[in-house]
Each structure stands twice: as C-alpha cells, then as structure tokens.
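Computed from the coordinates by the stated procedures, all read-outs in this text should not be read as laboratory data. Every value quoted in this text rests on a predicted model; they were computed, and no experiment measured them. Don't worry about glycine lacking a Cβ; one is built from the backbone with ideal geometry, like all the others, and counts go over all protein chains shown.
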Amino acid sequence: MQMKLVNKNVPGILGLILLMALLNGCANGMFGGTDSSVPPPATDGLASVSTMVESYGDIELPIEMTLNPEKSIALRTDSFQGGIHSYSGRVQIGSLKDYILASMSNNKWKLVGEASYKNVMLAFTKPNKTCMVVLSEGLGGGFGKTDAVFYVTIDVAASNRLSPFGVPAN
C-alpha cells in the first residue's frame with residue numbers, strides 16, 4: 001500500500017524540487033548571489049567583439065557570423081587581391097546591416113550605393129578598393145540564419161602609386 005502512495009507522489013515531488021531550484025536561482029540573483037557589476041548581454045543579439053573578413057583588416061563582422069569555406073574563394077596576385085567571402089550566423093538582417101554600415105564607416109569606407117528588396121545590397125569604396133555586400137535571410141526567415149556575402153577587390157598595383165592619404169602620387 002505504501003509503494004502505491006509513493007508512485008502517485010513522484011510527479012509532485014519532482015515538481016517541488018524543480019520549483020525549489022528555480023526559486024534558489026532567482027534568490028541568488030536578487031540577493032547578491034551573482035556579481036551585479038557585470039553588464040547585461042546586448043539585447044540586439046550582436047556582441048561587441050568582431051571578426052575580420054578574410055585578412056583584409058578593415059572589413060568587420062559580428063563574432064556570431066562564421067565563414068562558409070565551401071562558398072568562398074580568394075585570389076592573390078602581385079597586382080590584385082580579392083575574393084568572394086560567404087558568412088552566415090544567427091543575427092537579424094536589419095541589425096547586421098546597421099553593424100556593417102557603422103563598422104565600414106569607422107574603417108573609412110565610403111558608402112556609394114544601397115539597394116533593398118528581399119535582400120540588402122551595400123556598395124563601398126576606398127582608394128584602390130571596392131567591397132559589395134549582399135545580405136539575405138536563410139531558411140526560416142527571421143528565425144533562421146542570415147547570410148552575408150562580401151565581394152572584395154583590391155588593386156594592389158594602384159595602392160603602390162598612392163600617397164598615405166589615398167591621393168595618386170606624382
């Protein structure tokens with residue numbers, strides 16, 4: 001008889017244990033169980049840490065974006081450097097667009113064109129450099145991954161004929 005009584009109370013006992021664990025976690029947060037000087041995580045889903053696209057040094061992406069090597073290709077010669085670099089990650093397309101616009105501006109890229117439709121296309125230039133970015137939502141729409149494809153060209157030969165300010169040298 002006692003065995004039947006215990007079997008009937010098992011879900012109630014497990015629920016009580018779960019509730020106590022949950023309340024213990026809340027109490028630690030409310031009464032100093034955790035360090036309150038730690039800032040809350042970013043609410044837009046983008047971390048403050050960034051990663052560089054390929055080895056260019058002046059094209060940044062949020063750390064959530066990872067390289068898709070099977071969809072990327074790079075070319076380097078004595079006079080040219082560039083490639084197609086594909087990244088994907090769990091970020092919102094609008095937040096990613098804002099991040100890229102801000103980081104490219106901070107790295108002295110000039111926005112020369114923008115087109116938005118189902119996808120977003122951004123075009124940037126620098127002396128002897130161009131970068132076109134196409135942002136698109138992958139499977140699952142806003143709940144899936146966002147893709148970013150960078151088309152980068154650098155005229156290495158022309159950069160050797162420029163002053164440090166990007167002006168052609170005489």
Item to complete: Determine which residues of segment 67-108 fall in the zone a paramagnetic label at E114 would reach in this model, i.e. backbone nitrogen under 20 Å from the point 7 Å along Cα→Cβ.
Response: 91-108
Worksheet item: For the residue pair S103 and E70, what label-to-label distance in nm results when each label sits 7 Å from Cα along the Cα-to-beta-carbon direction?
Response: 2.4
Fill in: Too-long pairs where the Cα-Cα distance tops 18 Å, listed order kept, from K71/K145; K71/K110; K108/K129; K71/K118
K71/K110; K71/K118
